[in-house]
């Protein structure tokens, strides 16, 4: 009887913890999963491909969300500034393309071409990756730092504090975080929030 | 194109008039109704809609015209607003449309869909400040809804059906 109770308790604990882990996503300090997702050029991309990277600016974004569109140029600028310093932008499109055909692979390719994206723009085929990260909206940023434990989440949230006007930004959250990581300093704002479009399932 | 403009005019006029005078209005398509006045607030201005000392129940829905799941659930909020008016329930639709879309998208949307609930626009770029003030549980995705009365408040980062919304509101009317 005792063992059955223990067994049930253990199973419920496993079920509950499995559920909470998957629904809550990563917190700062967690090790982020790698992935193998198709890029707009047809090649598969994993974080492990980037041997020389010190970390990553992973951004869940898409074509069809006005907030994501408002940040396109700023995402490109982040990659231009930080890829050569060891923190490339890795963009992942998390939406269900049946619900949002404007986010399908052809549309992603067209958008990347017209905007001149220099970062990989990956399709979260089957929508397996964004729930593990805990992304809820586009755009949603996760800054990772490569360590001996794996890619550790160092920052979660917004790109900056003004979605309407890049010129009126007061705090560049992502730049400040990456600069702090490169300087070996503590990140001031580790988690920030912004309005975004719900990821379409 | 001309046809489109004419239809649009008809629509604008039809929205304004009450059902009895519809036919009369249809014959006078040159009468153009002005776009509705839009109340625009920053977060400090919006705060007065986020708490109450009276005995009403308030449903605050955060939405935008470009947000498909928001637009899909909007009729349920409208329906609830109508059905529960005499139970002291008030619906406030807080639009997060970009300011440069107020005239081109938001105001025409309000007219086209004949929104009866109060619509206000929130224009405050420092979302990192006000999102957690509205709810610690809000990641920032929309649609999002806050229901409150003077005793309690509940936040929902989800889409609603009419039945789901009614069930939640009933919890506040007990």
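The values are calculated or read from the model by the stated rules, or taken from the named source; none is laboratory data. Since this is a predicted model, take the numbers as computed values, not measurements. Positions of Cβ are backbone-derived with ideal geometry, glycine not excepted, and every protein chain shown enters the neighbour counts.
Points to keep in mind about this one:
- Hits in segment A:135-156 - residues which are within 11 Å of another protein chain (Cβ to nearest Cβ) and in contact with a helix residue (DSSP H, G or I) (Cβ under 6 Å, 6 or more places away or on another chain): A:138, A:139
- Matching residues in segment A:30-49 - criterion: being assigned to a helix (DSSP H, G or I) and over 13 Å from the mean Cα position of the chain (by Cα): A:48, A:49
- Checking residue A:191 against (1) within 12 Å of chain B (Cβ to nearest Cβ); (2) more than 18 Å from residue B:131 (Cα to Cα), the condition it does not meet: (2)
- Search result, residues across segment B:57-68 that are over 13 Å from residue B:97 (Cβ atoms), within 14 Å of chain A (Cβ to nearest Cβ) and at pLDDT 95 or above: B:61
- Residues located in segment B:118-147, provided they are in a strand (DSSP E or B) and under 16 Å from the mean Cα position of the chain (by Cα): B:118, B:119, B:120, B:121, B:122, B:142, B:144, B:145, B:146, B:147
- Apart from one condition, residue B:101 fits all of (1) within 26 Å of residue A:192 (Cβ to Cβ); (2) more than 14 Å from chain A (Cβ to nearest Cβ); (3) without any contact (Cβ under 8 Å) to a residue 40 or more places away in the chain; the exception is (2).
- Flag if residue A:70 is within 14 Å of chain B (Cβ to nearest Cβ), under 26 Å from residue A:200 (Cα atoms) and modelled with pLDDT under 95: no
- Segment B:119-152, subset touching a helix residue (DSSP H, G or I) at 6+ places or on another chain (Cβ under 9 Å), free of Cβ contacts under 8 Å to residues at least 60 places away in the same chain and surrounded by fewer than 17 Cβ atoms within 10 Å (Cβ to Cβ), residue nearest to the other protein chains (Cβ to nearest Cβ): B:152
- In segment B:36-117, counting only strands (runs of 3 or more DSSP E) that sit wholly within it, the ones holding 2 or more residues that are closer than 15 Å to residue B:142 by Cβ span B:57-63, B:89-95.
- Residue tally, condition assigned to a loop (DSSP other than H, G, I, E, B), touching a helix residue (DSSP H, G or I) at 6+ places or on another chain (Cβ under 7 Å) and surrounded by fewer than 16 Cβ atoms within 10 Å (Cβ to Cβ), over segment B:153-166: 1
- Total residues in segment A:172-187, condition crowded, with 16+ Cβ neighbours inside 10 Å and either over 15 Å from residue A:87 (Cα atoms) or touching a strand residue (DSSP E or B) at 6+ places or on another chain (Cβ under 7 Å) (or both): 7
- Check on residue A:164, within 13 Å of another protein chain (Cβ to nearest Cβ), in contact (Cβ under 8 Å) with a residue 40 or more places away in the chain and surrounded by fewer than 19 Cβ atoms within 10 Å (Cβ to Cβ): yes
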